[in-house]
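Asker: This structure is in structure tokens; I'll ask about it shortly.
The values are calculated or read from the model by the stated rules, or taken from the named source; none is laboratory data. Here the structure is a predicted model, which means the values were calculated and not measured. Cβ atoms come from the backbone with ideal geometry, glycine included; neighbour counts cover every protein chain shown. The area values use the complete protein model at the heavy-atom level, side chains included, leaving out ligands, DNA and RNA. Shrake-Rupley method; radii C 1.70, N 1.55, O 1.52, S 1.80 Å.
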Amino acid sequence: QAAFNLLLPDHAADAFSPPQLPEPSPGDVLVEWLLGGLSRWDAEHFLFISEHGYLYEHNCAFLPLYPLSLWAVARGALWPLQGLLRLRSLLLLSAVLLNSLFSVLAAAALYELGRAVLRRRRVAWLAALLFSLSPASVFMAAAYSESMFACLAFSAMWQLEKGQSWLSGLLFSLASGARANGLINAGFFLYSRGKRFALQLQVGSGSIRKQAPLWKQALGLASSAVLMSAGIFLPFALFQYYAYLRFCGPGSSLDPTIPEPLLQLARDKGYRLAAVDGTKPPWCSQRVPLVYSYVQDIYWNVGFLRYFELRQIPNFLLALPVTLLVSWAAWTYVSTNPRHCLTLGLERSKSEEEGKPRDGFCCPAVFVYVVHSTALLAFGFSCMHVQVLTRFLASSSPILYWFSAHLLEEHEPLLWSTGADNPPPGTSVRGKSPSSRGKGTPDNPVVGLLLNWPQLTRLSKSILGFFLCYWLLGLMLHCNFLPWT
């Protein structure tokens, strides 16, 4: 990104660009030269909030956990550099360090989650490697909350699969303090409790006598589900309350500590500050005063089918690959498991009764993740700025990586070996086993595929090409304020 930022001129985008205070030192210039490409678009909001708080109303579209983390690292771990760098540079450095850590932890959590759900170590490993080459990689590296959210969400899903409900609930709750789409993760708890109760109803009568009465079981499961869901919604609700107090409270005079350049920016751009002299924003008088939905509506024109315009066709094309891939994943799962989907996965299958559940992408345990990714896709495609779909899904759902790994494992002969979990039936094994590999063959299967690009199938080239192209184009365009947000 430093090379692209140096070689390509910045586009004059109509993006949030506050003045930099105070004047930069030589150290600040160096940090900006090396890492400035990772502070574009929404990253400016996160860095600004970390430095100045929620000064402008439209900053409230960005939840506080990530900015608070940046501030804590800048003021804590990087305090020895405070005499050399201004706070903004420390925050940008904190973002790069934190996102590197969160990305690695997210990949590790995705691997463990894949092992628990898919029951195929090789596919889980391949999916984690694909995450490391994510088409949304630039957002995992820039000062965005995607890497933090992916780490928290994947870790929470993994803990829930392990039966660690309280730890999972805590992680899901933190995730909802980083991104608003974390609220939909409450569905994992509701489904988990509902499925447990449904399966209990299907056990033999002899087993029922040994358990508590059904009404007690239902009450216990319902209460725990409601409690966990409330915990997931709590950070978002607390932030809305904070915003209400800040922007809808009693009118007061302007804070004298606000630098004049920031006040002038508010006048020039029409940014609304906290309530002054009794003037309150319109959302304060709504029955449910939610600043988040108001800001998305007024400032970014987010709403149902609002983005369906002819001039937005290029953005729909940008979102087309991830849309097709996730839709294909949902269709593959539903067509393979029609009865399981019609019964919402609440019917005990014969394989489960025999203690031998299916494995792989089409196994019963993947159902809730397919529903989750499909719901995110439908909402993002119809209600959001469609170009954000790639990073929206890549940081929220494991399906993108699981299904891509599944396709590669099933249809790429170079991956078939005696060390594979289960080669497709009726196919010959062309690859070599791990023990017979040459010294020059990498252990990383993704690197191995890239080194043998001419021999790959068209499907493999399409999948890896999508990941690689978006990885490179995102880095090139995003760091120069070109339309890659």
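Asker: If a residue has to be open to solvent by 80 Å² or more (accessible area, probe 1.4 Å) and of a type in the set (D, E, K, R) to count, how many in segment 11-47 make the cut?
Answerer: Summing the residues that are open to solvent by 80 Å² or more (accessible area, probe 1.4 Å) and of a type in the set (D, E, K, R) in segment 11-47 gives 2.
Asker: State which residue is nearest to Ala365 (Cα to Cα) when the search covers only segment 176-194 and only residues that are touching a Pro at 6+ places or on another chain (Cβ under 9 Å) and in a helix (DSSP H, G or I).
Answerer: It comes out as Gly182.
Asker: Let me ask another. Taking the stated definitions as given, is Leu91 surrounded by fewer than 20 Cβ atoms within 10 Å (Cβ to Cβ) and of a type in the set (A, V, I, L, M, F, W, C)?
Answerer: No, not satisfied.
Asker: Still on this structure: Looking at this structure, is Ala329 among the aliphatic types (A, V, I, L, M), surrounded by 16 or more Cβ atoms within 10 Å (Cβ to Cβ) and outside any loop (DSSP other than H, G, I, E, B)?
Answerer: Here the answer is yes, as Ala329 does meet what is asked.
Asker: List the helices (runs of 4 or more DSSP H) inside segment 1-99, counting only whole elements, that have at least 3 residues being in contact with a helix residue (DSSP H, G or I) (Cβ under 6 Å, 6 or more places away or on another chain) and closer than 20 Å to Ala243 by Cα.
Answerer: Result: 42-52, 65-75.
Asker: Have a look at Ser147, Ser165 and point out the one that is at pLDDT below 95 and open to solvent by less than 30 Å² (accessible area, probe 1.4 Å).
Answerer: Unique residue meeting the criteria: Ser165.
Asker: Could I ask something else about it? Test each condition in (1) free of Cβ contacts under 8 Å to residues at least 60 places away in the same chain; (2) in a helix (DSSP H, G or I); (3) surrounded by fewer than 24 Cβ atoms within 10 Å (Cβ to Cβ) for Trp158 and report the one that comes out false.
Answerer: (3)
Asker: Go through (1) modelled with pLDDT of 90 or more; (2) over 21 Å from Arg179 (Cβ atoms); (3) in the same structural domain as Ser397 (by the TED database) for Glu353 and report which single condition fails.
Answerer: Every listed condition holds for Glu353 apart from (1).
Asker: When segment 222-245 is examined, which residues are found to be open to solvent by 30 Å² or more (accessible area, probe 1.4 Å) and more than 20 Å from Val291 (Cα to Cα)?
Answerer: Across segment 222-245, the qualifying residues are Ala222, Ser223, Ser224, Val226, Leu227.
Asker: Every residue in segment 287-326 that is open to solvent by 30 Å² or more (accessible area, probe 1.4 Å) and closer than 30 Å to Gly360 by Cβ, please.
Answerer: Passing the criteria: Leu320, Pro321, Leu324.
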